[in-house]
Amino acid sequence: MRDSSAAAQACHCKVATKFDRNWIQARIPHQGSMCLLHAVSHWDSAEICCTAQSHVASDNPLRNAHGLPISAGIEYAAQAMAVHGALLAPVDQLPEVGYLASVRNVQWWAPRLDDVGADLSIEATRISGNEFSLLYDFAILCNVRLLMRGRAGIVVKPP
């Protein structure tokens, strides 16, 4: 995960193959307007970088009467982690379903996501993991502006 001074750097993931929203929807449980990600721009075994345009959609299911709160960024990050799991799964099998168990050290520098002006970049970096749980750092950016960052714990197989 990047700190605010490194947010201006381009994503350094190795694989630049682009996977679109249809590919994403076929591999994660979120469908329709609840599939928040637009595309995977870069990924490797430890990191994924996705883009989103849904933060400005009037039918975004996470919107409230005041717009899309910054806390919705946690769901964007969780979906990027789910897509990362799908990319790492063997080609002939569906990925394990994961459940967001905790978020920690969440910081934000904007009150809302819907008024930031451009596409979002969602970055997630796998810090550790085993067959039961995963730990990711995540960051949400708009252009080079860091909007949110934190750490998420994912339970893959409940004990």
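Read the figures in this text as sums done on the coordinates, not as results from a lab. Keep in mind the model is a prediction, meaning the values are calculated, not measured. Using ideal geometry, Cβ is built from the backbone for each residue, glycine included, and neighbour counts are taken over all protein chains shown.
Remark on the chain: Rg and Dmax equal 14.6, 43 Å (Cα only). Projected over every direction and averaged, the convex hull enclosing the alpha-carbon atoms of region 86-159 yields 6.2 nm². With neighbour counts taken as other beta-carbon atoms within 10 Å, the residues I122, I48, I74 rank, fewest first, as I74, I122, I48. When only Cα pairs below 8 angstrom with a gap of at least 6 residues are kept, region 19-155 shows a relative contact order of 25 percent.
The C-alpha atoms of the chain define a longest principal axis, and helix 73-88 lies at about 30 degrees to it. Remark: the I127-L88 segment gains 12.6 nm on full extension, using 0.36 nm per residue and subtracting the alpha carbon distance. Assuming charge only on the beta carbon of Lys and Arg (+1) and of Asp and Glu (-1), the dipole of the chain about its Cα centre is about 180 debye to the nearest 20.
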